[in-house]
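Working notes, beginning with the structure itself.
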Amino acid sequence: MWWTVAIIALLLSGLGLCTTRYFHGIHTRARLNKQRIDIDRAWETWLSSDHLSREEQSARMTLLEKMDAQVRASVHQSLREFELVLHTDANPLLAVRRELMNSIDRRQLNTEILKLPESTRVNLRKTNREIPQTDAEARMYIAANELRMAVLREYSHLRFDDRADGDWFDVYAKASYLRQRSTRSYIERTLSGSQNAAADARFHTMALVDGELRARLLQIPAGTRFPGFGKTPAQSDKSA
């Protein structure tokens, strides 16, 4: 399919990435010296929805309504703690990207777990106490993760100018969807005792490809857009 071809093409573009990496580092440091943005500002900026379309405002309110004040405060505190880690990181932009990638994976994995048959979900939770133990907890976790990711994306935009429609974030989200969908199938086969060697080999191959994609995307210059990812032209016009 077209998005699979696009991901493979991205993996093969190593030479171009190598030539831009050094200059990207210079520009990133220059922006970092000019802008001192903190998480609290990103939090307030994201919560301020006056500049959004009515549809976007509605979606944002729907997300916030899935969490009570205590959960929202917990998300805010988690972001502040992550910001403290950034102060000691030699390349905070890459640290933010890694955290966003991890958040994308957490969102997709928990979404796929909810799609498992009920009996499979029960068995999975019995053997993995670290995952949400009920569907309600899982949905709350997904919502909280979505809020945390949205604010972190806002922070990355304000501090590093690292946000664009159809950028690395959207590419990785598509790759995560494919991999976590395979993870769901892998879980079902494992718990049912119906493992298939060929299918399992494809799953492990996809995991390796995903790791390579992740490494490549970390080096993409901020603002780079990939055709075929992000919003469609109609969606872009609608939200403008």
Requested in this report: Go through (1) under 19 Å from SER156 (Cβ atoms); (2) β-branched (Val, Ile, Thr); (3) under 21 Å from the mean Cα position of the chain (by Cα) and name the single condition THR88 misses.
Outcome: (3)
Report summary line: Scanning the range 148-162 residue by residue, those assigned to a loop (DSSP other than H, G, I, E, B) and touching a Ser or Thr at 6+ places or on another chain (Cβ under 6 Å) turn out to be ASP162
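Okay, residues lined up against (1) surrounded by 17 or more Cβ atoms within 10 Å (Cβ to Cβ); (2) in contact with a Phe, Trp or Tyr (Cβ under 8 Å, 6 or more places away or on another chain); (3) modelled with pLDDT of 65 or more; (4) aliphatic (A, V, I, L, M):
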{"site": "PHE169", "(1), (2), (3), (4)": "yes, no, yes, no"}
{"site": "TYR172", "(1), (2), (3), (4)": "yes, no, yes, no"}
{"site": "SER176", "(1), (2), (3), (4)": "yes, no, yes, no"}
{"site": "SER182", "(1), (2), (3), (4)": "yes, yes, yes, no"}
{"site": "ASN196", "(1), (2), (3), (4)": "no, no, yes, no"}
{"site": "ARG202", "(1), (2), (3), (4)": "no, no, yes, no"}
{"site": "THR205", "(1), (2), (3), (4)": "no, no, yes, no"}
Report task. Restrict the check to the range 3-14 and report whether at least one residue is over 21 Å from GLY166 (Cα atoms) and modelled with pLDDT under 95. Result -> no
Query raised in the report: Considering only the range 94-117, how many residues are of a type in the set (A, V, I, L, M), closer than 13 Å to ARG153 by Cβ and at pLDDT below 95?
Result: 2
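Look through the range 98-125, keep the residues that are β-branched (Val, Ile, Thr) and over 26 Å from ASP170 (Cβ atoms), and return whichever of them is surrounded by the most Cβ atoms within 10 Å (Cβ to Cβ). Walk me through it before giving the result.
Residues of the range 98-125 that are β-branched (Val, Ile, Thr), as a first pass: 104, 111, 113, 120, 122.
Then keep just the ones that are over 26 Å from ASP170 (Cβ atoms); that gives 120, 122.
On the way: THR120: 17, VAL122: 12.
This residue is THR120.
Any chance you could count how many residues in the range 126-136 are surrounded by 10 or more Cβ atoms within 10 Å (Cβ to Cβ) and charged (D, E, K, R)? Quick ask: steps written out before the conclusion?
So in the range 126-136, the residues surrounded by 10 or more Cβ atoms within 10 Å (Cβ to Cβ) come out as 128, 131-135.
If we keep only those that are charged (D, E, K, R) too, we end up with 135.
Residues in the range 126-136 being surrounded by 10 or more Cβ atoms within 10 Å (Cβ to Cβ) and charged (D, E, K, R): 1 in total.
Taking the condition surrounded by fewer than 17 Cβ atoms within 10 Å (Cβ to Cβ) and either out of contact with any helix residue (DSSP H, G or I) (no Cβ under 7 Å at 6 or more places or on another chain) or modelled with pLDDT of 90 or more (or both), does ALA222 pass?
Numbers: surrounded by fewer than 17 Cβ atoms within 10 Å (Cβ to Cβ): no; either out of contact with any helix residue (DSSP H, G or I) (no Cβ under 7 Å at 6 or more places or on another chain) or modelled with pLDDT of 90 or more (or both): yes.
Against the criterion (surrounded by fewer than 17 Cβ atoms within 10 Å (Cβ to Cβ) and either out of contact with any helix residue (DSSP H, G or I) (no Cβ under 7 Å at 6 or more places or on another chain) or modelled with pLDDT of 90 or more (or both)), ALA222 does not qualify.
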Requested in this report: Please tell me if LEU93 is hydrophobic (A, V, I, L, M, F, W, C), under 19 Å from ASP40 (Cα atoms) and in contact with a Ser or Thr (Cβ under 7 Å, 6 or more places away or on another chain).
Outcome: yes
Report task. Kindly indicate whether any position in the range 127-147 is more than 22 Å from ARG60 (Cα to Cα), touching a Phe, Trp or Tyr at 6+ places or on another chain (Cβ under 9 Å) and free of Cβ contacts under 8 Å to residues at least 24 places away in the same chain. Result -> yes
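For the range 110-127, what are the residues that are under 19 Å from the mean Cα position of the chain (by Cα) and farther than 15 Å from ARG148 by Cβ?
Of the residues in the range 110-127, the ones under 19 Å from the mean Cα position of the chain (by Cα) are 110-114.
The answer is THR111, GLU112, ILE113, LEU114.
The values are calculated or read from the model by the stated rules, or taken from the named source; none is laboratory data. Only a predicted model underlies this, so the values are computations on that prediction, with no experimental measurement involved. Heads up, the Cβs are rebuilt from the backbone with ideal geometry, glycines too, and the neighbour counts pull from every protein chain shown.
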